[in-house]
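What follows is a short report on a single structure.
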Amino acid sequence: MSLGKATVSPSATVAGICYVTITCSVFDSSADGVIKMKRIHLLLATLAVACLVPFGAAARNLQTEAPDDSSARWGGPQVILQRTAQGATLQFDCAHAVIQQPITPDAKGDFTASGTYTPERGGPARKDSPPKDLPATFRGNITGDTMQLEITFSGDQSPLQFTLTQGKMSKLIRCR
């Protein structure tokens with residue numbers, strides 16, 4: 001059996017996967033000496049050379065639609081903060097929090113915002129003891145690319161303090 005001619009043509013691109021039709025001419029010598037030409041059509045999910053250009057254009061479009069906004073991301077030991085137009089979300093090793101109003105620093109870089117802090121624990125969530133959102137006040141200062149953040153709670157619970165750096169993505173060790 002020998003390969004005669006092969007052509008590659010893009011069929012479709014769906015969800016970032018390029019489907020390619022490959023048409024091959026295969027010559028098969030049968031026992032009676034007659035050469036039979038068979039057409040084989042294969043549908044492959046692959047990134048073939050024929051799809052690199054359309055796929056690259058699609059990837060560029062995705063980047064313009066959802067740019068990497070590292071200015072909204074802040075990270076530090078045991079904390080990741082993602083600023084949004086509505087406030088921010090925070091992830092900790094064993095908790096998460098939501099700042100429910102925009103972080104608006106004054107001329108000195110100081111800010112105060114309210115939100116919730118939800119402690120978590122390891123293992124599966126128990127139906128009889130779901131995590132509770134605790135009201136919290138988030139106070140901080142932004143100087144350059146550094147944010148000092150303090151989270152305080154009503155009652156006698158000690159405040160939590162963090163130093164975050166703009167654009168830094170921290171590694172968390174989640175307890176759940």
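The values are calculated or read from the model by the stated rules, or taken from the named source; none is laboratory data. Values in this document were obtained by computation on a predicted structure and should not be read as measured data. When we count neighbours, we look across all protein chains shown, and the Cβ atoms used for this are built from the backbone with ideal geometry, even at glycine.
A few remarks follow.
- Checking Q82 against (1) without any contact (Cβ under 8 Å) to a residue 60 or more places away in the chain; (2) assigned to a loop (DSSP other than H, G, I, E, B), the condition it does not meet: (2)
- Per the conditions (1) exposed (fewer than 13 other Cβ atoms within 10 Å of the Cβ); (2) closer than 18 Å to P77 by Cβ, the sole criterion not satisfied by M147 is (1).
- Residue that is surrounded by the fewest Cβ atoms within 10 Å (Cβ to Cβ) [pool: residues in segment 97-130 that are in a strand (DSSP E or B) and of a type in the set (S, T, N, Q)]: S129
- When N141 is tested against (1) at pLDDT below 95; (2) under 20 Å from K168 (Cα atoms); (3) of a type outside the set (G, A, S), only condition (1) is not met.
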